[in-house]
Amino acid sequence: MSDKVRLVEVGPRDGLQNEPGLVPFAIKIALVERLADCGLRHIEAASFVSPKWVPQMADGHAVLTGIHRRPNVIYSALTPNLKGLEAALAAGVDQVAVFTAASESFCQHNINASIATSLARFAPLLALAKEQGIPVRGYVSTVLDCPYEGAITPEAAAQVASALYQMGCTEISLGDTLGTGTPKRVRALLSAVSQEVPLPQLAVHFHDTYGQALVNIYAALEQGIRIIDSSVAGLGGCPYAPGASGNVATEEVVYLLQGLGMLTRVNLDNLVQTGRWISQQLGRRNGSKVGLAWTK
Ligand code: HMG
Ligand code: MG
């Protein structure tokens, strides 16, 4: 099995969608550019969702068109429907992501649709994306626990992951939206999902509410996962998952992977400086332990 891990940096999207105030798009652009300069090769830079639902992400066009693009970097965005994809294409996106959930209640709260309706909405989106040569990632949220329904079975998560994969999503990201998971449950989840979606096409997306994200990532690595979502300075959260905290910090993931010899390309020193800079811009405590401890 390959020792190479691919990181998907979701800070500019998952991180900034949950900020209480509106972050100026010049800061978003500077963040995306700095992350690319750290050596990150996939950056989720924006969302093309309803501005009534998530006003923080209303400036996706300005962000994507304002970036000075680095070669070999994928700039992607969330798109919940065809309207979102059309807007993302107009902004020159490289890749998009659809998102649904393993739990009906969360799906309803997050995108105002049942799981089945959400999948039906994705069909025309996937068709247009294919025509345009744009890969589509599929997120499954609440794969372990739902804020409204409690525990979710691995089979329920596997069923939704399978549906997205069968529809043509090139990669499926499994979201522990609440950050409540522990390694035993992560292993059970991955055993079930990998029967439906090949391991190389699976990503893990851990929020770190209970401080379990890194051990969960380690368990996932042991099971063969090689795509990891993370967010600089541990920014993040979902407006429709009350109480959930940020994503696992990219600094922590890079430190872990470099220690394991599974990632070399990212400049950790630059990344730490970027995490400190964005935390300062947002007036937040840095959510990365590596970022706090780094003295080099
Ligand atoms: P709806 O209200 O059912 O949609 O929302 P609608 O089709 O009835 O449209 C309502 C209005 O929104 C209309 O405008 C549409 O034009 C507009 P009006 O006529 O009232 O002026 N609209 C749009 N505008 C811009 N872009 C669009 C778009 N679509 C409709 N794409 C909808 C349904 C899906 C749009 C809404 O619920 C929504 O935008 N939800 C997004 C919620 C969100 O972004 N959540 C956070 C991201 S998911 C996440 O964080 C989890 C993840 O990190 C993984 C994990 O951690 O688990 C990925
Ligand atoms: Mg998330």
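The values are calculated or read from the model by the stated rules, or taken from the named source; none is laboratory data. On a predicted model such as this, the values are computed, not experimentally measured, just so you know. A quick note on method: Cβ atoms are made from the backbone with ideal geometry, for glycine too, and the neighbour counts reach across all protein chains shown.
When restricted to residues that are more than 14 Å from the chain's Cα centre (by Cα) and more than 9 Å from ligand 2 (Cβ to nearest atom), segment 240-249 contains 3. For segment 221-236, taking the residues that are within 12 Å of ligand 2 (Cβ to nearest atom) and assigned to a loop (DSSP other than H, G, I, E, B), the one that is nearest to W277 (Cα to Cα) is identified as L235. Residues that are touching a residue at least 60 places away in the same chain (Cβ under 8 Å) and of a type in the set (S, T, Y) do not occur anywhere in segment 193-216. Looking only at segment 184-218, residues that are surrounded by fewer than 23 Cβ atoms within 10 Å (Cβ to Cβ), part of a loop (DSSP other than H, G, I, E, B) and either touching a Gly at 6+ places or on another chain (Cβ under 6 Å) or among the polar types (S, T, N, Q) (or both) come to 5 in all. Filtering segment 157-176 for residues that are farther than 30 Å from E86 by Cβ and in contact with a His (Cβ under 7 Å, 6 or more places away or on another chain) leaves a non-empty set. Specify the residue that is surrounded by the fewest Cβ atoms within 10 Å (Cβ to Cβ); the eligible residues are those in segment 16-25 that are touching a residue at least 12 places away in the same chain (Cβ under 8 Å) and within 16 Å of W277 (Cβ to Cβ). Step by step, filter segment 16-25, then rank; the result is E19. The requirement of being within 30 Å of L64 (Cβ to Cβ), modelled with pLDDT of 95 or more and not polar (S, T, N, Q) is satisfied by G175. The condition of being surrounded by fewer than 17 Cβ atoms within 10 Å (Cβ to Cβ) and either of a type outside the set (D, E) or over 21 Å from A163 (Cβ atoms) (or both) holds for A123. Once segment 159-183 is narrowed to residues that are surrounded by 24 or more Cβ atoms within 10 Å (Cβ to Cβ) and among the small types (G, A, S), the residue that is nearest to ligand 2 (Cβ to nearest atom) is G175. Before we move on, is Y165 aromatic (F, W, Y) and over 20 Å from the mean Cα position of the chain (by Cα)? Answer is no for this residue. When L82, L128 are checked against the criterion of being surrounded by fewer than 24 Cβ atoms within 10 Å (Cβ to Cβ), over 28 Å from A192 (Cα atoms) and touching a Pro at 6+ places or on another chain (Cβ under 7 Å), L82 stands alone in meeting it. Residue-level check: of (1) in contact (Cβ under 8 Å) with a residue 60 or more places away in the chain; (2) assigned to a loop (DSSP other than H, G, I, E, B), G181 misses just (1).
For (1) more than 16 Å from ligand 2 (Cβ to nearest atom); (2) closer than 22 Å to P242 by Cα; (3) at pLDDT 95 or above; (4) over 15 Å from the mean Cα position of the chain (by Cα), each residue gets a yes or a no:
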{"site": "S2", "(1), (2), (3), (4)": "yes, no, no, yes"}
{"site": "L22", "(1), (2), (3), (4)": "yes, yes, no, yes"}
{"site": "R69", "(1), (2), (3), (4)": "yes, no, yes, yes"}
{"site": "F106", "(1), (2), (3), (4)": "no, yes, yes, yes"}
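Among the residues making up segment 39-54, those that are more than 28 Å from K83 (Cβ to Cβ) and surrounded by fewer than 24 Cβ atoms within 10 Å (Cβ to Cβ) are G39, R41.
How about segment 236-268: which of its residues are within 13 Å of ligand 1 (Cβ to nearest atom) and at pLDDT 95 or above? Passing the criteria: N247, V248.
Cβ-Cβ distances below 8 Å connect the following pairs, each with a first residue in segment 34-56 that is touching a residue at least 24 places away in the same chain (Cβ under 8 Å), a second residue that is part of a strand (DSSP E or B) and of a type in the set (F, W, Y), and a separation of six or more residues or different chains: I43/Y75; A45/Y75.
Scanning segment 276-285 for residues that are of a type outside the set (S, T, Y), outside any helix (DSSP H, G or I) and touching a residue at least 60 places away in the same chain (Cβ under 8 Å) turns up nothing. Residues being within 15 Å of ligand 1 (Cβ to nearest atom) and among the acidic types (D, E) are entirely absent from segment 88-97.
Elements of the type helices (runs of 4 or more DSSP H) sitting completely within segment 38-114 and holding at least 2 residues that are within 27 Å of S162 (Cα to Cα) and of a type outside the set (D, E): these cover 82-90, 104-111.
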